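Heads up, the thing below is written out as structure tokens.
The values are calculated or read from the model by the stated rules, or taken from the named source; none is laboratory data. Small disclaimer: the values here were computed from a predicted structure and weren't measured. Using ideal geometry, Cβ is built from the backbone for each residue, glycine included, and neighbour counts are taken over all protein chains shown.
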Amino acid sequence: MAEDSFRALPSVDRVLGDERLRGAPAALALDITRETIDAARALVRAGSPPPAYDAIVAGVRTRIDAALEPPLRPLVNATGVILHTNLGRAPLADEAVEAMAAVSRGYGNLEFDMASGRRGSRHGILEPLLCRLTGAEAAMAVNNNASGVLLALSALAAGRDVVLSRGELVEIGGGFRIPDVMRLSRARLVEVGTTNRTRIADFAAAVGERTAALVRVHASNFRIVGFTESPSIEDVGALARERGVVLIDDIGSGCLLDTTRYGLAPEPTPRRSLAAGAGVVLFSGDKLLGGPQAGLIVGRRPLVERMKRHPLARAVRLDKASIAGLAATLRLYLAGVAEERVPVWRMIAMPREAVAARAQGLAAAIGERASVIDGRSMVGGGSLPEESLPTALVVLAPPRGVGASGLAARLRARDVIARVEAARVLLDLRTVDPRDDGAVVRSCIDALSGERA
Ligand SMILES: *Cc1c(COP(=O)(O)O)cnc(C)c1O
């Protein structure tokens, strides 16, 4: 009986020769056919009847097509979370995308001095822009801010003490915990103060012979409220200067514009930290800066030079496409057009009325199942927790028997990511590129009607 069942399974050659697999890449088709027949054999061994020949071929075809699909694809972010970590954080300015494509397609003066024709340094490309925008003496860029923090501690504090408030011993996300990074860098962590209250006197009492640095870490993704106290960057900077130790300030977001102009809480800026006496300021390229993934480092020249020379700098260096994208993004700030050209800031600056007008237009085009209500957009990305912007939301009422999560799944199948709240599907157009509005309307109409994606 079992013998017969095994014999009923097709040979690899027979499946490969089937006309339904015509045009499939040979090596991939062979791999997947073997896997599929092996799986069928295991089923038979477990006592199941052998799958039909047609089902095996169809399964092989589906798996080949799935393997050839692009695994990372563009989506419409209708969640209203501007820096959505799971959806890739900052969308880039057209200028940045074009600069990245241009330098990726061919060659560029990445490490080449155009005047002498000799070898140059990749750090030289972003440094003048970063210095001009932040008032720093020196600057460099690495792969991301987490690696920037590791590099700063390794280059400036290995084997010595660093003093940090207990209120800032944070986990940023993705398992990036400050105490673990300290251990990895071989800097010795000296904790001061308490979770909710740390005073400048706590820092002062902890500084000694072995102290290399005072460290501040922006509590990006949470807020402690109530009975709290922490010294200002100016007080910590003054103490660092007075005692001859370095202040390393991880400000997280890399905010170069004034958030209070948009009704948001103030965010620390690199310029303020440097002016307060920070020796090194660290921030991300793809949070509020609105550029590609990177860790940006600005500060005093001798410190930044030490970081550039450290072996880790080579391990965490930035690639040419990201350097080109960052340079293009920073130039928009320099030109004074960041609010109009950098998508993160365009989204933050977009008035509620502008979102509402688009939402009304979309709801009318979608039909009777769509309406508009007031809501809030989030900045996200570990910046400005608890902070939100007034917005207008398109509400989709799910058809009978589908439910809100079912409707959201149908939208996901059309690459539109919506919010589900209180059994309703909500779309916030603040985070949708207006060029995608037409596609969103079609996706909503199809999802509501149950048309296959
Ligand atoms: C986000 C963040 C990091 C990590 O930055 P990445 O660019 O994601 O590596 C580190 N420190 C702070 C304070 C942050 O907010």
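Give me a count of the residues in segment 367-405 that are within 16 Å of the ligand (Cβ to nearest atom) and polar (S, T, N, Q).
Of the residues in that region, 1 qualify.
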Single condition G59 does not satisfy, out of (1) touching a helix residue (DSSP H, G or I) at 6+ places or on another chain (Cβ under 6 Å); (2) in contact (Cβ under 8 Å) with a residue 24 or more places away in the chain
(2)
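Here's the yes/no breakdown for (1) away from the ligand (no atom under 14 Å from the Cβ); (2) among the charged types (D, E, K, R); (3) free of Cβ contacts under 8 Å to residues at least 12 places away in the same chain:
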site: Y262; (1), (2), (3): yes, no, no
site: P268; (1), (2), (3): no, no, no
site: R271; (1), (2), (3): yes, yes, no
site: V280; (1), (2), (3): no, no, no
site: G285; (1), (2), (3): no, no, no
site: P292; (1), (2), (3): no, no, no
site: L303; (1), (2), (3): yes, no, no
When you scan segment 208-245, how many residues do you find that are surrounded by 22 or more Cβ atoms within 10 Å (Cβ to Cβ) and assigned to a strand (DSSP E or B)?
4
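Can you tell me which residue within segment 168-207, out of those that are among the small types (G, A, S) and surrounded by 15 or more Cβ atoms within 10 Å (Cβ to Cβ), is nearest to the ligand (Cβ to nearest atom)?
Of all residues in segment 168-207, those among the small types (G, A, S) come to 173-175, 185, 187, 193, 201, 204-206.
Still in the running and surrounded by 15 or more Cβ atoms within 10 Å (Cβ to Cβ): 185, 187, 193, 204, 206.
Values: S185: 14, A187: 16, G193: 18, A204: 24, A206: 21 Å.
Only one residue tops the list, namely S185.
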In segment 208-247, residue farthest from the chain's Cα centre (by Cα) [restricted to those that are more than 28 Å from R301 (Cβ to Cβ) and more than 16 Å from the ligand (Cβ to nearest atom)]
F227
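Per-residue answers, yes or no, for (1) part of a helix (DSSP H, G or I); (2) surrounded by 13 or more Cβ atoms within 10 Å (Cβ to Cβ); (3) not assigned by TED's automatic domain parsing to the domain that holds R243:
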| position | (1), (2), (3) |
| --- | --- |
| G108 | no, yes, no |
| M114 | no, no, no |
| L126 | yes, yes, no |
| A136 | no, yes, no |
| M140 | no, yes, no |
| A152 | yes, yes, no |
| L156 | yes, yes, no |
Considering segment 237-266 alone, what residues qualify as being in contact with a strand residue (DSSP E or B) (Cβ under 6 Å, 6 or more places away or on another chain) and of a type outside the set (G, A, S)?
V245, V246, L247, I248, D249, D250, I251
Output for segment 115-147, where each listed residue is within 26 Å of the chain's Cα centre (by Cα) and free of Cβ contacts under 8 Å to residues at least 24 places away in the same chain:
G124, E127, P128
